[in-house]
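Chemist: This structure is in structure tokens; I'll ask about it shortly.
The values are calculated or read from the model by the stated rules, or taken from the named source; none is laboratory data. Just so we're clear, the structure is a prediction, and the values are computed from it rather than from any experiment. Note that each Cβ is placed from the backbone with ideal geometry, even for glycine, and that neighbours are counted across all protein chains shown. Quick note on the areas: whole protein, heavy atoms, side chains included, nothing else; ligands and nucleic acids left out. Shrake-Rupley method; radii C 1.70, N 1.55, O 1.52, S 1.80 Å.
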Amino acid sequence: MKPSDIVNHILNNNAPLPQKQKGHGAAPANIALVKYWGKRDSTLNLPMTSSFSLSLSQGAETKVTASETDQDSFILNGKETSHNIFAERLAAFLDLFRPHPQFYFHVSTHSSVPISAGLASSAAGFAALVLALDDFFGWQLDKRSLSVLARLGSGSACRSLWPGFVEWQAGSDLNGMDSHGIPLDVNWPALRVTPLIVSRAPKPIDSRTAMIQTQASSPLYASWPDKVASDLTLMKQAIGQQDFTRLGEIAESNALAMHACMMSAWPPICYHQPATLEAMHRVWALRKAGNPIYFTQDAGPNIKLLYLAPQQAHVDRLINEQAEVAV
Ligand code: PMV
């Protein structure tokens with residue numbers, strides 16, 4: 001099955017012309033507390049396991065119009081970005097939605113999270129784009145269908161359709177129609193996630209390639225699905241009981257296990273910079289001194305701090321003291 005089959009299915013084989021001059025969409029970035037790492041179908045971005053995230057207050061805002069030229073054009077944070085890998089990925093995704101082959105899009109996105117540094121910018125970007133397309137074409141799709149469409153652009157984007165906690169249920173259908181985000185209706189106003197930036201350099205290997213390499217060669221990967229299943233159950237229990245220590249332990253241990261799988265792949269994948277390790281040691285020292293602060297890390301050198309509001313002063317100090325490294 002191809003992504004275009006899924007789009008035809010969701011849109012009932014009906015590719016309408018735009019219903020508006022301009023479509024608009026906004027979506028939060030999300031940080032996985034239980035990670036998605038590995039695919040069972042790489043064409044449809046179907047994951048090996050379920051995963052679980054928390055949406056941030058930052059994210060992406062996107063406007064879509066018809067292009068006035070005979071090609072797509074992309075503006076990212078005010079800059080023309082039409083000739084790079086990002087633009088190629090977007091153009092391939094937009095191919096799924098052209099009412100006719102000569103229809104081109106103009107897409108303008110403002111992202112309040114740094115791009116390509118493992119800070120979930122692509123998840124927010126694809127989710128905002130799908131919402132903007134829904135508005136532009138007047139599809140009026142439900143959130144689950146939009147989540148499936150966002151997943152075709154970037155797996156983790158399917159969790160960015162909602163604020164708060166979201167589970168991406170792996171599903172079992174071959175066509176992936178049951179593989180989408182589901183929000184968890186729990187409020188935890190004191191919970192905070194703050195990126196600790198050690199580098200803004202683009203990541204050395206993209207997550208798609210890194211996942212394939214890990215699945216193909218890491219001797220530890222066989223244990224990953226069981227680790228995720230157990231972490232997911234425990235994470236939902238911890239959230240139900242508002243047990244922050246458990247939440248922090250599970251999230252940190254899950255991220256470290258994911259990176260252990262990557263490091264044991266061949267060729268090895270190491271997103272850590274020396275400053276990443278330095279930041280981790282600072283978090284562990286703060287914890288030893290009685291401050292419940294934990295971290296998680298995605299496909300990049302930066303870490304995200306997990307804590308409750310009363311720890312804010314310690315976190316601010318940590319961020320101020322952590323120098324960024326130029327790589
Ligand atoms: O959706 P992708 O291809 O950008 O992969 C995201 C992978 C991680 O950020 C490392 C984990 C996750 O669940 O978000």
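Chemist: Where residues in the stretch 22-39 are assigned to a loop (DSSP other than H, G, I, E, B) and open to solvent by less than 40 Å² (accessible area, probe 1.4 Å), which of them is farthest from the ligand (Cβ to nearest atom)?
Modeler: In this case the residue turns out to be Gly38.
Chemist: Any idea which of (1) open to solvent by 60 Å² or more (accessible area, probe 1.4 Å); (2) in contact with a strand residue (DSSP E or B) (Cβ under 8 Å, 6 or more places away or on another chain) is the one Met211 doesn't satisfy?
Modeler: Met211 satisfies all of (1) open to solvent by 60 Å² or more (accessible area, probe 1.4 Å); (2) in contact with a strand residue (DSSP E or B) (Cβ under 8 Å, 6 or more places away or on another chain) except (1).
Chemist: Which of the residues that make up the stretch 276-314 are of a type in the set (A, V, I, L, M, F, W, C), within 23 Å of the chain's Cα centre (by Cα) and farther than 15 Å from Leu256 by Cα?
Modeler: Ile293, Leu308, listed by residue number.
Chemist: Anything in the stretch 153-197 that is surrounded by fewer than 20 Cβ atoms within 10 Å (Cβ to Cβ), within 21 Å of Thr49 (Cβ to Cβ) and of a type in the set (S, T, N, Q)? List them, or say none.
Modeler: Gln169, Ser172, Asn175
Chemist: Would you tally the residues in the stretch 260-305 being assigned to a helix (DSSP H, G or I) and open to solvent by 10 Å² or more (accessible area, probe 1.4 Å)?
Modeler: 12
Chemist: Got at least one residue in the stretch 61-72 being small (Gly, Ala, Ser), open to solvent by less than 40 Å² (accessible area, probe 1.4 Å) and under 21 Å from the mean Cα position of the chain (by Cα)?
Modeler: Of all residues in the stretch 61-72, those small (Gly, Ala, Ser) come to 66-67.
Next cut, open to solvent by less than 40 Å² (accessible area, probe 1.4 Å) only: 67.
The next check asks that each one be under 21 Å from the mean Cα position of the chain (by Cα); those that pass are none.
The answer is no; no qualifying residue exists.
Chemist: Condition check: under 22 Å from Ile293 (Cα atoms) and open to solvent by 40 Å² or more (accessible area, probe 1.4 Å). Does Thr245 satisfy that?
Modeler: Judged against the criteria, Thr245 is a match.
Chemist: When you look at Ser42, is it among the polar types (S, T, N, Q), farther than 30 Å from Ile239 by Cα and within 12 Å of the ligand (Cβ to nearest atom), yes or no?
Modeler: In short, yes.
Chemist: From (1) away from the ligand (no atom under 16 Å from the Cβ); (2) in contact with a strand residue (DSSP E or B) (Cβ under 6 Å, 6 or more places away or on another chain), pick out the condition that doesn't hold for Met280.
Modeler: Single failed check for Met280: (2).
Chemist: So for the stretch 3-21 (the condition being in a strand (DSSP E or B) and either in the same structural domain as Ser111 (by TED's automatic domain parsing) or near the ligand (Cβ under 10 Å from one of its atoms) (or both)), does at least one residue qualify?
Modeler: no
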